[in-house]
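The values are calculated or read from the model by the stated rules, or taken from the named source; none is laboratory data. The model shown is predicted, which means the values in this text are computed figures rather than measured ones. Note that each Cβ is placed from the backbone with ideal geometry, even for glycine, and that neighbours are counted across all protein chains shown.
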Amino acid sequence: MLPVLWKIGGNNAFKMGGLKVFYVKEKLNDTVEITVELYDDNVFCTCPGCGCEVSIDLAELFKDGEGDLYGTAVYCSECSKTRWEGNR
Ligand SMILES: [Zn+2]
């Protein structure tokens, strides 16, 4: 796995919007580096329950001020429902 750098353009990046763009930078080799800007609708993670792709709303993830990309797992709606019902 290649290193991914999370560029943060300010403490209130999400609130300010506009100029503050988050992006992922990945070095493919010594000469090629790709940069992908992050928006509300192009961030995904893998559901730890079934392995399917889940769309992530970063603003939602960070709104409580405790967002942690490494410590956060997001379940898909099906698995969330199953877990929710299983906990009752
Ligand atoms: Zn799932």
Q. Applying the selection to the stretch 36-75, what residues are in contact with a Cys (Cβ under 6 Å, 6 or more places away or on another chain) and in a strand (DSSP E or B)?
A. 54
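Okay, residues lined up against (1) more than 9 Å from the ligand (Cβ to nearest atom); (2) surrounded by 12 or more Cβ atoms within 10 Å (Cβ to Cβ); (3) farther than 25 Å from residue 22 by Cα:
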| residue | (1), (2), (3) |
| --- | --- |
| 37 | yes, no, no |
| 40 | yes, yes, no |
| 48 | no, yes, no |
| 53 | yes, no, no |
| 58 | yes, yes, no |
| 64 | yes, no, no |
| 74 | yes, yes, no |
| 78 | no, yes, yes |
(Q) Just the residues that are modelled with pLDDT of 80 or more and β-branched (Val, Ile, Thr), please, taken from the stretch 1-54. (A) 24, 31, 32, 34, 35, 36, 43, 46, 54
